[in-house]
Amino acid sequence: MYDQFYGLSGRPFQLTPDPHYYFESGTHRKALSYLGYGLAQGEGFIVITGEVGSGKSTLVSHLMQTIDKARLTAATIVTSQLDAVDLVQMTAESFGIDTRGMDKAAALKAIENFLHAEARAGRRCLLVVDEAQNLTVDALEELRMLSNFQLGSTALLQIFLLGQPEFRNLLQTAPELEQLRQRVIATHHLEAMDADEVQPYVEHRLERAGWTGRPQLTADAYDALYGETGGVPRRLNAVMNRCLLMGAVEQTDTIDGALVVAVIADMTGKPFEYDATMASQAPLAVQAATPAVARVQPAAAAMDMTQYQALASRIDQMEARMAAQDVTMRRVLAMLIDWMEKENQSLAARMRDIRAA
């Protein structure tokens, strides 16, 4: 809806990771440097951690778009409470290796043969494990064993581990993971964006969707966005997505602090209370209203006071009904978006379970 109203080519604040909208904040720039360094080394583990919604998956998706696929074969696993046996099967499946009917030992041999074949063809192999905090210690140890595969003195498999802060704590403190810790050649924790990065982030994503300045965001809108989200990208996306929707419903060309605050209240179940100023109204809405006013004024001048009051009363009633319908429509749209977001999250969870199975 709002993409059409504002003339955008897409929805720049969708919650699913999309490398097309990748924004390189200061912390993401550092993380990308570590990932690049790790790829150049061609061995060991690279660990990237961060809070939920900090952009880990988007970062790696962006990196995968920059690699030479003729020289690097990459596969991704999104974990869902995998044990050691499941992890071996998922690794094989992610590289396209058929291990149906094989036990663990046979599956490991099939993976080793695949890695040797890729090396002989001049390609390195990279395994990206997302949501690594879900892995058991045994599964992490299995990953370490996979990293032992070699051809001469050359490592055959490099592994990126992406996880939430609790994974960093586990990796740093678990005695059973000492050998894995020794294989980690680089690590970085993604922080939230700084307050002065929120505006460039929002404008970058809008521009990637064909934004030409409509809607305009005010300085107090960016202040409210940072105050609510703390600079976490996914939280910013959720609030901005709803702000653009409400901006389209209100037919306003300006997203100001008052609208952001009203949207945040609405997202927490409070009443949506926002009155757009005339200056913020979209030109189309103003143009549509002007002829109606011009028609009413001459007619009213020719009426006696009784007729005028009756007409004014009818107009007031119509406006009251329209206002009530507008509130209802906003509430229904908000409920619809909440439902769609929950359905997307549920679908993503089901897909992870299917992959894990």
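The values are calculated or read from the model by the stated rules, or taken from the named source; none is laboratory data. This structure is a prediction, so every number in the text was calculated from the model and none was measured. Note that we place each Cβ from the backbone using ideal geometry, even for glycine, and neighbour counts take in every protein chain shown. Ligands, DNA and RNA are excluded from the accessible area calculation, which covers all protein heavy atoms including side chains. Shrake-Rupley method; radii C 1.70, N 1.55, O 1.52, S 1.80 Å.
Remark: pairs (first residue in the stretch 87-109, among the aliphatic types (A, V, I, L, M); second residue crowded, with 18+ Cβ neighbours inside 10 Å and part of a loop (DSSP other than H, G, I, E, B); Cβ separation under 6 Å; 6+ apart in sequence or on different chains) = A92/T99; A107/T99.
A84: open to solvent by 20 Å² or more (accessible area, probe 1.4 Å) and of a type in the set (A, V, I, L, M, F, W, C), yes or no? Criteria not met by A84.
For the stretch 1-17, a residue qualifies if it is of a type in the set (S, T, Y) and either surrounded by fewer than 16 Cβ atoms within 10 Å (Cβ to Cβ) or within 19 Å of P165 (Cα to Cα) (or both), and the qualifying residues are S9, T16.
Condition first: of a type outside the set (D, E) and under 29 Å from the mean Cα position of the chain (by Cα). Can you find one or more residues in the stretch 111-120 that meet it?
Applying the first criterion (of a type outside the set (D, E)) to the stretch 111-120 yields 111, 113-117, 119-120.
Those still in the list that are under 29 Å from the mean Cα position of the chain (by Cα) too: none.
The answer is no; no qualifying residue exists.
Give all pairs with beta carbons closer than 6 Å in which a residue from the stretch 255-272 that is more than 10 Å from T218 (Cα to Cα) meets a residue that is acidic (D, E) and open to solvent by 30 Å² or more (accessible area, probe 1.4 Å); count only pairs at least 6 apart in sequence or on separate chains. Every condition considered, the pairs that remain are A262/E273; I264/E228. Within the stretch 90-107, restricting attention to residues that are open to solvent by 40 Å² or more (accessible area, probe 1.4 Å) and within 24 Å of L177 (Cα to Cα), the residue that is farthest from the chain's Cα centre (by Cα) is A105.
Counting just the residues of the stretch 18-61 that are among the aromatic types (F, W, Y) and over 22 Å from H204 (Cα atoms), which one comes out least open to solvent (accessible area, probe 1.4 Å)? Residue satisfying both the conditions and the ranking: F45.
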